[in-house]
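Here's the structure, in structure tokens; my notes come after.
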Amino acid sequence: MLLVFDTSMAACSAAVYDTAPGRVRAYRFAVMERGHADALAPMIKSVMEEAGIAFADLACIGVTRGPGTFTGVRTGIAMARGLALALDRKIAAIDTLSAIAANAPKGKTPLVIAADARRDEIYFSTESAAPVVLPLTEAVHRLPAGQSFILGTGAEALIAAAPPGKLIRLTAGDLPDARNFAALCAAHPLSDNPPEPLYLRPPDAKPQHQAMMSPAQVMIRQASVEEAQVLSALHADCFDNAWSPSEFAKLMAMPGAITYLALEGDEPLAFLLARQAAGEAEILTIGTRPFARRRGIAKKLMSHLTHELREAGLTQLFIEVAAGNGAARALYERQDFTVTGNRKAYYERPGGRHEDAIVMMKALA
């Protein structure tokens, strides 16, 4: 028996697959732009109950590992890792585009998968090539000779860019569906190592037009403790010494803790974690993913925090910064922070080195 699930794109699905007869015993599928983390556990519980099996009956866990949304991919992999650890099972992790291809009726070849990657790009794959992220114009040049069938949320855009009649649109489902890709997971080699997210766009990638995008297009919202995994992943993108999900969860659950995420659509770009007490507040950590830097997002996060603190009647905001981090110090100075102290050898660095922390303060009153 296999339990398989997906949260990588704009849907959430789960299925129990019986390998002996090769059939799905129970499944659930729901389209959703967000809320995967809340929906997945109840969905898994539902299919397990309908299939009439216990978690101990599972031979392995199947999951998609991307490409997809940052939060969605992480949600599925975190659940798979947790179940595998608790049950002492291995994980079969397949790429999301292969999962979408499993929706196609038999005989529909050659098959092209085109999933919307935003920024005028698509996640692209064919039966003979691994997934890549490409501009639409380049994807056209990589199409198989002759006519092809196509699936995916980027299908219409690629059809429009391709020569007339080149691509035949299928309607079998543009999002991963666990009941359809379960058999792929059953046949997939199992690894002794936990799966890692597949992000086809490297962390420091910067599309040419992105630098021109306005911070006004970025939404700031409060983050919940349930999103500690996402905060930890963002922190790892920004810093060498990443905080674990449990460390974030503990800090976020403390009285007076405030956590914000900056998002473009449903893609998290930056974060801020602060703590308030006795009329003062301190920024514990703030970071912007490398590809999204120099767009004013950190400034927008800090301005949002400052406004909220002033509304609450707080008078001072503190932050610590490594003495050698000139770019961060310059940002804080532009936000009216001034140096108020120095903590010797505060930060531990590789090789046993230590670095001073500069304490800075901003008056809110």
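The values are calculated or read from the model by the stated rules, or taken from the named source; none is laboratory data. What you see is a predicted model; the values in this text were computed from it and never measured. Neighbour counts run over all protein chains shown; Cβ positions are idealised from the backbone, glycine included. For accessibility, only protein heavy atoms count, side chains too; no ligands or nucleic acids. Shrake-Rupley method; radii C 1.70, N 1.55, O 1.52, S 1.80 Å.
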> How much of the accessible area of the range 219-365, in percent, comes from carbon and sulfur atoms when a 1.4 Å probe is used?
Replying inline: 49
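Grab the Cα-Cα distance for Thr137 and Lys106, subtract it from 0.36 nm times how many residues apart they are, and report the gain in nm with one decimal.
Working: separation 31, 0.36 × 31 = 11.16 nm, distance 2.87 nm.
Here the segment from Thr137 to Lys106 would lengthen by 8.3 nm.
Might you report the magnitude of the Cβ-based charge dipole of the range 214-306 about its Cα centre, with Lys and Arg at +1 and Asp and Glu at -1, to the nearest 20 debye?
Using only the charged Cβ atoms, the result is roughly 360 debye.
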>> Which of the three applies to the range 140-193, rounded, prolate or oblate, going by the alpha-carbon gyration tensor with a ≥ b ≥ c and a/c under 1.5 meaning rounded?
In response: prolate
> Given a cut-off of under 8 Å on Cα pairs at least six residues apart, what relative contact order in percent is computed for the range 36-146?
Replying inline: 18
> Scaled to the compact-protein estimate 2.2 N^0.38 Å, what is the alpha-carbon radius of gyration of the range 40-180, rounded to two decimal places?
Replying inline: 1.19
>> For the chain, what does the accessible surface come to per residue with a 1.4 Å probe? Please give it in Å².
In response: 47
> What percent do you get for the relative contact order of the chain when only Cα pairs under 8 Å and 6+ apart count?
Replying inline: 13
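Beyond 18 Å, how much of the Cα-Cα pair distribution for the range 39-97 remains, as a whole percent? Could you put the intermediate results ahead of the total?
Working: 617 of 1711 pairs.
Beyond 18 Å sits 36 percent of the P(r) for the range 39-97.
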>> Between the range 41-114 and the range 221-244, how far is it from one alpha carbon centroid to the other, in angstrom?
In response: 23
>> I want the local charge near Met32. Using Cβ-Cβ distances under 15 Å, sum +1 for each Lys or Arg and -1 for each Asp or Glu among the other residues.
In response: -4
> Within a Cβ distance under 10 Å of Ile61, other residues only, what is the Lys/Arg minus Asp/Glu net charge?
Replying inline: +3
>> Sequence gap at least 6, Cα distance under 8 Å: using those rules, report the relative contact order of the range 110-204 to the nearest whole percent.
In response: 25
>> Rg over Rh of the range 1-68, using C-alpha atoms and the Kirkwood radius, what does it come to?
In response: 0.97
> Share of antiparallel DSSP beta bridges in the chain, in percent to the nearest 5?
Replying inline: 75
>> Quick check for me: using +1 on Lys/Arg Cβ and -1 on Asp/Glu Cβ, what's the dipole size of the chain about its Cα centre, in debye to the nearest 20?
In response: 460
>> How much of the DSSP bridge set in the range 23-124 is antiparallel, in percent, rounded to the nearest 5?
In response: 45
> Here are some values of volume of the Cα convex hull per residue in Å³: [x] 150; [y] 160; [z] 181. Which one was computed from this structure?
Replying inline: [y]
> Each residue of the range 266-271 in order: what ³J(HN,Hα) in whole Hz does its phi give by Karplus 6.51 cos²θ - 1.76 cosθ + 1.60, θ = phi - 60°, with x for Gly and Pro?
Replying inline: 10, 9, x, 10, 7, 8
>> Please list, by residue number, every one of the trypsin sites (Lys or Arg not before Pro) in the range 1-89 that is coil in DSSP and has at most 15 other beta-carbon atoms within 10 Å.
In response: Arg34
> Out of the range 220-253, which GluC sites (Glu not before Pro) are coil in DSSP terms and have no more than 12 other C-beta atoms within 10 Å?
Replying inline: none
